[in-house]
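Here it is, the structure, as structure tokens.
The values are calculated or read from the model by the stated rules, or taken from the named source; none is laboratory data. As the structure is a computational prediction, the values presented were derived from the model and not from experiment. All Cβ positions, glycine included, derive from the backbone under ideal geometry; neighbour counts span all protein chains shown.
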Amino acid sequence: MKNFDDVVLVSQQMTLLYVEDNPQAREMTTMILTDINMPRLTGIEMVRKIREHDTNVSVVVLTAHNDEEYLVDSIGVGVDGYLMKPIDVKELFDLIARIVQKYQYQKERMFLHAHHEATDLSAIVSKTDPAGIITYANDAFCDISGYSREELMGKPHSIIRHPDNLPEIYREMWRTIRDEKQVWKGVLRNRAKNGKSYYVDGLIMPVLNARGEIVEYIASRHDITHIMRPSQQLQNALKKFQEQALLYLKMKNFEMLEGFYDTEALEELQINMTHFLQERLSPVYDFDRIYPLGHGEFALLLSHPDYLEQEGNERLIEEIKRIQHTFEEEHLHVRGMQVNTSVMISLVCGDETLILESAKLGIKKLLATHQDFIFANQLAIEEQIRTRKNMQMVSKIKDAILESRVISCFQPIVDNRTRKIVKYESLVRLADGNDEVIAPLGFLDISKKCGCYPQITEMVIQNSFEMLTRTEADISINISVADIEHRPTREMILTFLHDNHEQAHRLVFELLEDEMTENYRRIHSFATEVKTLGARIAIDDFGAGYSNYERLLSYRPDILKIDGSLIRTIDQNSYSLSIVKSIVTFAKEQGLETIAEFVEDETTFDLVQNLGIEYSQGYYFGKPQRL
């Protein structure tokens, strides 16, 4: 530091203690100066006292003595300079410049030390030698990686490398820090000791010696895992672009694979699938990256504007289906096993605000329908509308229960020989506040989801028992598997039968075949108790859906109601006719009565009568109505 102005500027930040009995000399100096000869305390003794409190204070000896002993003593106490009187201004300036420079170095060293401590406390820090072998790792590095310091020392930094990172990232990194000797900045996905992923945003800086050679690398990073999950990245990307096409893919049978593979193998499979999709789709489409979302699901955003037009949509759909078909012939290798790369695809195009929700609903719909491709535009909006309608229906159901507007309509069942009404089926309806009657299809499933179904069943039972007092015909009541498995409902039915045992023989409980159940024992027990109390059991919609002869053996019914889908086509479909004949033959052999549903015209009635079916029910004889 030779510039006078620089010396003055820096020295203004310093404090001067000047001990001198000569006024003229005091005015000429600006550093800590001391005379050797003083009345009470020599300059050498004073320096020793100062050093006891602060070893960093700079001291200059200004003396008229040229004694070798004083010079040796001054060096011994660590003075920074030794000036002879009279003062040479140039020598004084040079000495002050050296001391100011020393002060500046001390200040910078303290700053660097403080910066190092702050960085070490707030960041993930590591050092490696030129070959990438770890020589230092701070506590934050150990915490996030799960490795102890002993496990890290001497290991290559690739110990935390995640295989999902593309090789190009590391090639560019080494080119920057090793070949160009520059600082590399970027985001990396790393893998901890337990196999879990974490994301860091940081820099790697090469440290050079005086000859410009790299002696080590220092890396400083920050954990950004919470904002770097693929799902979060996808959502962030969706916010940036309003017009795009979202391709959402799910590996077929991934749930089955979860039963065969452990977590590490499944992660390896999804990594391999990510690379596979990148390789197969990048030559065809313009997209930034593949987003692996877990559970065998992946997404990518296509930004080409042509996809947003109708014709572009059609071309895109056709192209995707073609590529999707080729995936069925490909395989990935995981742990020595081949895994098919077949996928289901949900596509959403445009500036839809709920684009991701629509895509997910598309996958859900594909799973339910066992299909492979869906154009899922507007599914989320449609779902919102459906949800809103369902909520309105929930309100109607609850109001109807509170106001006793759960009603029963009764449809006649006739004896095929006499054409006289001998039974009625009790069919539930909902009467809203405007005298509109709502059929079960509009509210029954919703009532099960909102927890109102048991209350509806109880009101139907009450309505049916009351009907027994107004007619001499028998009454059939539909009972679902959910009713039987719900203990309060089951006990309520048995209590009704017990309390009305004189009328119990006129009641028929139709077991609905619209639900799967494995609890045959529970249903068998219920059927047995009901029959013991005098009521009878019918199997509804027999011959279609879940019906089978195995259930007959379990339920021991009295009546079979032949499914309407068979009766409706009996005059046109030989297959339906053959099934109905077999059911009638079986029923007669077992002593069971049969009822034909959906008898809607004379032709159908003549056929079921000629087949020997005892009873008919349908619009030909009457619609369900309040009696």
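Being among the aliphatic types (A, V, I, L, M) and at pLDDT 90 or above is the filter; apply it to region 121-136 and report the residue that is nearest to E180 (Cα to Cα). Steps first, answer last, please.
Of the residues in region 121-136, the ones among the aliphatic types (A, V, I, L, M) are 121, 123-125, 131, 133-134.
After this cut, where a residue has to be at pLDDT 90 or above as well, the list is 131, 133-134.
On the way: A131: 16, I133: 20, I134: 21 Å.
Per the criteria, the residue is A131.
List the pairs whose first member sits in region 154-182 and is more than 25 Å from A265 (Cβ to Cβ), whose second member is among the β-branched types (V, I, T), and whose Cβ atoms are under 6 Å apart, counting only residues at least 6 apart or on separate chains?
H157/T128; H157/I134; I177/I204; Q182/T176
Return yes or no: is G622 on the phi > 0 side of the Ramachandran plot, part of a loop (DSSP other than H, G, I, E, B) and not assigned by TED's automatic domain parsing to the domain that holds I438? Before you say what the answer is, go through the steps one by one.
On the way: on the phi > 0 side of the Ramachandran plot: yes; part of a loop (DSSP other than H, G, I, E, B): yes; not assigned by TED's automatic domain parsing to the domain that holds I438: yes.
Judged against the criteria, G622 is a match.
Moving to a separate point now. If I filter region 410-432 down to residues being of a type in the set (D, E, K, R) and surrounded by 17 or more Cβ atoms within 10 Å (Cβ to Cβ), which single residue comes out as nearest to I479 (Cα to Cα)?
Filtering region 410-432 for residues that are of a type in the set (D, E, K, R) and surrounded by 17 or more Cβ atoms within 10 Å (Cβ to Cβ), the one nearest to I479 (Cα to Cα) comes out as E425.
Inside region 239-287, can you point out the residues that are in contact with a helix residue (DSSP H, G or I) (Cβ under 7 Å, 6 or more places away or on another chain) and of a type in the set (D, E)?
Passing the criteria: E243, E258.
Out of all the residues in region 336-376, which are in a loop (DSSP other than H, G, I, E, B) and closer than 18 Å to E255 by Cα? Before you say what the answer is, go through the steps one by one.
Pass one, region 336-376, residues in a loop (DSSP other than H, G, I, E, B): 336, 341-342, 351-354, 370-372, 376.
Those that are in a loop (DSSP other than H, G, I, E, B) and closer than 18 Å to E255 by Cα: T341, S342, H370, Q371, D372.
Additional query: Suppose we filter T594, T569 for residues that are in the same structural domain as E510 (by TED's automatic domain parsing), surrounded by 14 or more Cβ atoms within 10 Å (Cβ to Cβ) and free of Cβ contacts under 8 Å to residues at least 12 places away in the same chain; which single one remains? Steps first, please.
Details: T594 fails: free of Cβ contacts under 8 Å to residues at least 12 places away in the same chain.
After ruling out the rest, the residue left standing is T569.
Here is a yes/no grid of residues against (1) modelled with pLDDT of 90 or more; (2) within 22 Å of the chain's Cα centre (by Cα); (3) part of a helix (DSSP H, G or I):
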| position | (1), (2), (3) |
| --- | --- |
| Q270 | no, yes, yes |
| M273 | yes, yes, yes |
| Y285 | no, no, no |
| D306 | no, no, yes |
| G312 | no, no, yes |
| E318 | no, no, yes |
| H325 | yes, no, yes |
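Just to be sure, is L234 surrounded by 13 or more Cβ atoms within 10 Å (Cβ to Cβ) and either outside the structural domain of T353 (by TED's automatic domain parsing) or of a type in the set (K, R) (or both)? So that I can check it myself, show each step before the final result.
Values: surrounded by 13 or more Cβ atoms within 10 Å (Cβ to Cβ): yes; either outside the structural domain of T353 (by TED's automatic domain parsing) or of a type in the set (K, R) (or both): no.
In short, no.
Now a separate question. Just to be sure before I move on: is P412 under 23 Å from S616 (Cβ atoms), in the same structural domain as A535 (by TED's automatic domain parsing) and either in contact with a Gly (Cβ under 6 Å, 6 or more places away or on another chain) or in a helix (DSSP H, G or I) (or both) in the structure I sent?
Details: under 23 Å from S616 (Cβ atoms): yes; in the same structural domain as A535 (by TED's automatic domain parsing): yes; either in contact with a Gly (Cβ under 6 Å, 6 or more places away or on another chain) or in a helix (DSSP H, G or I) (or both): yes.
When the stated conditions are applied, P412 passes them.
Could you check, for region 379-396, whether at least one of its residues is closer than 27 Å to T326 by Cα and free of Cβ contacts under 8 Å to residues at least 12 places away in the same chain?
The answer is no, given that none of the residues of region 379-396 is closer than 27 Å to T326 by Cα and free of Cβ contacts under 8 Å to residues at least 12 places away in the same chain.
Might you let me know whether region 70-93 holds any residue that is modelled with pLDDT of 70 or more, in contact with an Asp or Glu (Cβ under 7 Å, 6 or more places away or on another chain), hydrophobic (A, V, I, L, M, F, W, C) and farther than 26 Å from L203 by Cα?
So far as region 70-93 goes, no, none of its residues is modelled with pLDDT of 70 or more, in contact with an Asp or Glu (Cβ under 7 Å, 6 or more places away or on another chain), hydrophobic (A, V, I, L, M, F, W, C) and farther than 26 Å from L203 by Cα.
Would a scan of region 260-267 turn up a residue that is loosely packed, with under 14 Cβ neighbours inside 10 Å, within 22 Å of the chain's Cα centre (by Cα), among the polar types (S, T, N, Q) and farther than 29 Å from R322 by Cβ?
Looking for residues that are loosely packed, with under 14 Cβ neighbours inside 10 Å, within 22 Å of the chain's Cα centre (by Cα), among the polar types (S, T, N, Q) and farther than 29 Å from R322 by Cβ, one finds at least one in region 260-267, hence yes.
Further question: Within region 519-608, considering only helices (runs of 4 or more DSSP H) that don't extend past its boundaries, which have at least 1 residues that are under 22 Å from F621 (Cα atoms)?
Values: elements: 520-532, 549-555, 564-568, 574-590.
By residue number, 564-568, 574-590.
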